[in-house]
4 protein chains.
Amino acid sequence: MRVAMYKVGIVGGTGYTGVELLRLLTRHPDVSLEVITSRGNAGTAVADMFPSLRGRLDLRFSEPDRDTLAACDLVFFATPNGTAMKLVPDLLASNTRVIDLGADFRLKDLSVWSDWYKLEHACPEWVEQAVYGLPELNRAAIAEARLVANPGCYPTAVILGYLPLLESQLIDPEHLIADAKSGVSGAGRQPQQHTLLCEANDNFKAYGASGHRHLPEIKQGLSQIAGGEVGLVFVPHLVPMTRGMQATVYGRLRTSDTDLQALYERRYADEPFVDVMPAGSHPETRTVRGTNMCRVGVHRQPGSDTAIVLSVIDNLDKGAASQAVQNMNLMLGLPETAGLDDIAVLP
Amino acid sequence: MRVAMYKVGIVGGTGYTGVELLRLLTRHPDVSLEVITSRGNAGTAVADMFPSLRGRLDLRFSEPDRDTLAACDLVFFATPNGTAMKLVPDLLASNTRVIDLGADFRLKDLSVWSDWYKLEHACPEWVEQAVYGLPELNRAAIAEARLVANPGCYPTAVILGYLPLLESQLIDPEHLIADAKSGVSGAGRQPQQHTLLCEANDNFKAYGASGHRHLPEIKQGLSQIAGGEVGLVFVPHLVPMTRGMQATVYGRLRTSDTDLQALYERRYADEPFVDVMPAGSHPETRTVRGTNMCRVGVHRQPGSDTAIVLSVIDNLDKGAASQAVQNMNLMLGLPETAGLDDIAVLP
Amino acid sequence: MRVAMYKVGIVGGTGYTGVELLRLLTRHPDVSLEVITSRGNAGTAVADMFPSLRGRLDLRFSEPDRDTLAACDLVFFATPNGTAMKLVPDLLASNTRVIDLGADFRLKDLSVWSDWYKLEHACPEWVEQAVYGLPELNRAAIAEARLVANPGCYPTAVILGYLPLLESQLIDPEHLIADAKSGVSGAGRQPQQHTLLCEANDNFKAYGASGHRHLPEIKQGLSQIAGGEVGLVFVPHLVPMTRGMQATVYGRLRTSDTDLQALYERRYADEPFVDVMPAGSHPETRTVRGTNMCRVGVHRQPGSDTAIVLSVIDNLDKGAASQAVQNMNLMLGLPETAGLDDIAVLP
Amino acid sequence: MRVAMYKVGIVGGTGYTGVELLRLLTRHPDVSLEVITSRGNAGTAVADMFPSLRGRLDLRFSEPDRDTLAACDLVFFATPNGTAMKLVPDLLASNTRVIDLGADFRLKDLSVWSDWYKLEHACPEWVEQAVYGLPELNRAAIAEARLVANPGCYPTAVILGYLPLLESQLIDPEHLIADAKSGVSGAGRQPQQHTLLCEANDNFKAYGASGHRHLPEIKQGLSQIAGGEVGLVFVPHLVPMTRGMQATVYGRLRTSDTDLQALYERRYADEPFVDVMPAGSHPETRTVRGTNMCRVGVHRQPGSDTAIVLSVIDNLDKGAASQAVQNMNLMLGLPETAGLDDIAVLP
């Protein structure tokens, strides 16, 4: 029987990432959720905002308070970009570990970060020390990290799609094409016209086709793997569904005689949350909904020198909240899969 | 630590009720799923048909075999109507307990049953002994039962909606109106034209408005509560969504000074799976998706003598699979909530 | 060949009712759309906001201007409640006829109106003169009217459902129950949290169950038909789809030997936009999408004394924009069906 | 006033392409729909199968009859692949012109056709004479054709996306990548498990990633434009919506100083059904729903040598039925846009 319960907190838990963290942490066997802050909703019972938690979580949103947060072993930031960087240094100084689900600590190149997020960084020194929280890439460093930058959803799906191909130098790294599709929840819980049901339902469109802020994050991750700069075209699309994300990634093969299926199966054999589907498979987003799984299918068309990899995740889970819990497990020395054993609800 | 693992089996597990049972039993702490049968898919790995179970359930569909099933402590039947009644008596004779998720043992009046299901019953003696598996109504009898008839989805939602009102004799039992709405999964996994996405999506319609086979089942349940015949109009509708069901039930009040909210809160105070929402609430089906919860809202309009109760469940869970697990827990003497602690995935 | 083109204008055309009016008027054979106003979007090309109109409508939103509007033969108001009442009297004084798609002129009882809309009325004298624009009820008066109050969507569906039953005195008018279901577009194009795709998709719920502002409007219409006060319970629900509305209405029959099917067929035989489906039918909302049709199905359950009528419309068309065009046709002496010959796009 | 009404017929009109043809031809000003055949539904009123046509089309499905069809000026085949090739030669011999919406006459290379469709061709001589019915490519030939092979939906979207780039030799034709996304209606009206609402809803997946039968058709079209063989990777995906298709096509530019936006605007300036959106636009499928429009957006990412073109159509219209009507208009010498002036119903 596990004894020690770690204390954790959430800063900014009223968005979609927040409510998913709440669900996962409420049922996690080894942690106790002590505090969840929200300036706008302080005093409101969490279960009043999210009735799915009625009877399961008896907690109210509170004003952010340094001492309460510092009393936690680990704090998640699910705040708008630019917020965490102001609060994190103080918490880290108190030996509280931090996972930021926003983008404040993801990009090592601060000038690129400032270009995309239109902000000046408040603590560049912590950007350097932050570990990019993709366990399949940086597991050991995450376990040691005091500050983890939780990856974006698109970067997670795309990087896991390319990882074995790039690592093995099998494709031309200069001409990568990632065509990605996301459910609407990626756009968040703030009311916006283009995410109304009547605007997004029964409709399909690309967005950010001339440039998206996840592009530099993906390139940084792919470059780490390739051991040098990569060239990438990345086009995101909006799918009329709530959750789920697929990246269809294309790479020009340098040799034609590689067994891609075997390559992927070998690379991911020990990964608890990456499932290489049988040859010829087309993974479906619904099979990972509400879970931390990434499922991958590998294809090549007759006579073609292009590898095609289909990579699906739940954008709010492996692309956000459950990957944060996976990182927490690593940081706290818990079993990596603790609290992450949900099976997707089908249909 | 719980020690004894009960052995359970499923007959006919390839429909939507079946895959949901698989998900729940795979993660249940006190039972071990020993066998799942399917004539048409014997030999197929369960996870090949339902990729959500990849890596979680290492079992193949098998031909129905009496001895294998009889070795189980309890067997679920998730078969088409008319199948269970042929196989159940033999199993019961071996001291294996049975929960039938179909309609074979729900109606005590066999002539009514034959009228609606167009079959002659194969074991009338077991119909008499079967307990109707609505724990909120028959908890004690379920715990003792050898054979439980798991309720239909509409009956569950409607009966839980009316229960406190009828039990307390507060409404006219002769003129009940239940207007019910269901997601498409209630129609099953067999390909049919009207349940194609292109037919059901962005569309709304009633069906069975001149009579539906759940009507006699609901009337039987309500009559048990009212202590006499009831008059009921029941109209089901098809909602363009996968899961979820709402019954909006109407009852003419005999007195105008009752506190309906208090009545419902009192009646369901100790029920682990019925949640009476605060006064003025409108429960949403998504807050119970993938769970065993029924959420209820109680309303009256100014100057009106009609009580309005909104009752929502997941048609595949409290309306089928998870209610069957709740019944199993009662029958095996396990905690009633064991394996039923999922929180709905929101959004 | 029709010669005279009537000049029409729209005040406030950026909502869902507005864009639907734009579509219908752009293709109408007998009118010319001269002006469309929007304070917030003056100067913007209509086709930039609604790309479906690219190449079809070469018009920009303009500031509301009295003279431009007064030069029109007829002006539609598709403005928030409380706006039309301030501008309409001046226009009417210039002999421009007006159709208000909002609620400013629907309720004859101004105290009830003030209770629900939380406003004091700016021109009570015009409320009296306004004609309630339900052609099936008030055709002759509409043709003569200078000011038409276009009905709400729920009132249209419910009143057309009850009309033959109430008119013929066949049901108890004291205990009417109307259970209505609407697509999300009824909530408008303004960003709101509960109409986001991620909140409304794959979800079902009631709203306004303790009282909705369409209740007094429906009662007023039904009372006109019944020739006296009616008692009505009205519960609206939100369906996860963009367009479409169904009212399922219930009435206790006073006699049991009436042929309801014949009653409905006879009453609506000459109505171009009400289609009584064959006996036993369940009309589907998608069959009226984008059209001015109301389809009706009539049911009674064995042994029951309750009439059940299923009435479906497109909430933005027969429930708003196309009904306004039907009223315009009547007011201008055009064929009632002019410009209203769309066939629903299936699937 | 147009006088002569051309007589047209449909063979096999019970699928989604069929009902859309019915809608378009019912309202077409210059043709009269004389006959619609269906072996399985002969005798059934069309409006009983498709209630959207109630009161609008008074026709019954009939057995295919050579003489009735031969009395038509033009006949559409909306039959399963392999059917048209058996009936068409006889009709053509009677001077009836034919548009085949299936794939029987699309591929000039019969061995490739046989590989993909698993059939031997019944009339190879007519394959040679058939004109590929993409007006933007073959307008003059279509006008003269006796037999038109109406393009597939994916080929239409992809070819219109690449046309200006390939024609102008601006991209490397050896490494084309077309990532396409389709609504579910492309899979037809026959009940299949994977197109059930409960399987396809709130889900996203690729299919045919290792090879799809539209691949050779697209390559044939692109090769005609490029004036030589092209290399193409084509991956289709299934979007949880009824109608709509987007092709996101990628091409490596040979020079970096071309104004792609101007190129597209120039090439499509006179095309009535191709709309090049303003620079930076992301066309949405809903803006073309129920219409014959193709909308195109052109993008390039900073520092990238890859052209990105977004091409959206309605898969059942410009991808099938309305494109067939456009071809019919050309073949009969009618205005090319006759009967094709619908505006998409928004929202």
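The values are calculated or read from the model by the stated rules, or taken from the named source; none is laboratory data. Being a predicted model, the structure only gives us computed values, none of them experimental. Glycine also receives a Cβ, built like all others from the backbone with ideal geometry; neighbour counts cover every protein chain displayed. We work out accessible area using only protein heavy atoms, side chains counted, and drop any ligands, DNA or RNA first. Shrake-Rupley method; radii C 1.70, N 1.55, O 1.52, S 1.80 Å.
Some observations on this one:
- With helices as the sole contributors, the protein assembly as shown gives -8500 deg cm²/dmol at 222 nm; each DSSP H run of n ≥ 4 counts as -39500 (n - 2.57), and the sum is divided by every residue.
- For chain A, DSSP calls about 45 percent of its internal beta bridges antiparallel.
- Counting DSSP beta bridges with both ends in the range C:153-313, the antiparallel % (nearest 5): 70 percent
- Overall Cα dimensions of the protein assembly as shown, principal axis frame, Å, largest first: 87, 82, 64
- Per-residue average of Cβ from other chains inside 10 Å of B:273-283: 3
- Seen against the Cα atoms of chain C and their longest principal axis, helix C:135-144 is set at about 40 degrees.
- Normalised convex hull volume, the range A:154-313, alpha-carbon set, Å³ per residue: 121 Å³
- Quarter of Cα convex hull surface for the range A:262-347, i.e. mean projection, nm²: 6.4 nm²
- Sorted from closest to farthest, the other copies place their A:Lys118 label points 3.2, 5.5, 6.4 nm away, with each point set 7 Å from Cα along Cα→Cβ.
- Positions from the range B:51-68 whose accessible area shrinks by 20 Å² or more when the full protein complex is built, not the chain alone, probe 1.4 Å: B:Pro51, B:Ser52, B:Arg54, B:Arg56
- Cα long-axis angle, helix A:321-332 against chain A (0 to 90 degrees, to the nearest 10): 70 degrees
- Nearest-first distances (nm) between copies at B:Pro80, label 7 Å from Cα via Cβ: 2.2, 5.7, 5.7
- Heavy-atom accessible area order for A:Leu119, D:Leu21, largest first, 1.4 Å probe: A:Leu119, D:Leu21
- Centre separation in Å (Cα based) which lies between the range C:271-347 and the range A:35-58: 44 Å
- Under 21 Å from the Cα of C:Lys219 - lysines, other chains or at least 8 residues apart: C:Lys108, C:Lys118, C:Lys181, C:Lys318
- Residue closest to axis [chain C; rotation mapping onto D; Cβ; Å]: C:Asp202, 3
- Stretching C:Lys86 away from C:Thr44 to a fully extended chain increases their span by 12.6 nm, per 0.36 nm per residue minus the current alpha-carbon distance.
- Accessible area buried, both sides summed, chains A and C with 1.4 Å probe, Å²: 1600 Å²
- Shielding by other protein chains, A:336-344, mean Cβ within 10 Å: 4
- The range D:44-192 - Debye-derived log10 I(q)/I(0), Cα point model, q = 0.08, 0.09, 0.14, 0.15 Å⁻¹: -0.30, -0.38, -0.87, -0.98
- Take every Cα pair under 8 Å whose residues are at least 6 apart in sequence, average their separation, divide by the length of chain B, and the relative contact order is 17 percent.
- Centroid-to-centroid separation of the range B:61-122 and the range D:127-198 [C-alpha atoms, Å]: 52 Å
- Taking every protein chain into account, the 1.4 Å probe leaves D:Asp115 with about 100 Å² of accessible area, to the nearest ten.
- The angle between the Cα long axis of helix A:84-93 and the main principal axis of chain A comes to about 70°, on a 0 to 90 degree scale.
- Along chain A, longest interval not containing exposed GluC sites (Glu not before Pro), exposed being DSSP loop plus at most 15 other Cβ atoms within 10 Å: A:1-119
- Inter-probe distance in nm under a simple model that places probes 7 Å from Cα toward Cβ, at C:Arg56 and B:Ala122: 5.8 nm
- Of the solvent-accessible surface of the range D:1-137, computed with a 1.4 Å probe over protein heavy atoms with every protein chain present, carbon and sulfur atoms account for 48 percent.
- Fraction of accessible area attributable to carbon and sulfur, the range B:154-313 (%, probe 1.4 Å): 46 percent
- Residue-level accessible surface for A:Thr44, protein heavy atoms, 1.4 Å, Å²: 50 Å²
- Burial annotation for the range D:289-309: residues with an accessible-area loss of at least 30 Å² between the isolated chain and the complete set of protein chains, computed on heavy atoms with a 1.4 Å probe, are D:Arg289, D:Arg295, D:His299, D:Gln301.
- Accessible area in square angstrom per residue, chain A, 1.4 angstrom probe: 33 Å²
- Accessible-area rank, largest first, for D:Lys7, C:Lys205: D:Lys7, C:Lys205, with all protein chains present and a 1.4 angstrom probe.
- For residues of D:172-181, the mean tally of beta carbons on other chains within 10 Å: 4
- Placing a label point 7 Å from the Cα of A:Gly333 along the Cα-to-Cβ direction, the distances to the matching points in the other copies come to 4.1, 9.0, 9.3 nm, shortest first.
- Equivalent ellipsoid dimensions for the range B:2-68 as semi-axes, Å, which come from the Cα gyration tensor, largest first: 18, 15, 10
- Each distinct pair of alpha carbons in chain C adds a 1/r term; the inverse of their mean, the Kirkwood radius, is 20.6 Å.
- The protein assembly as shown - share of DSSP beta bridges that are antiparallel (%, nearest 5): 45 percent
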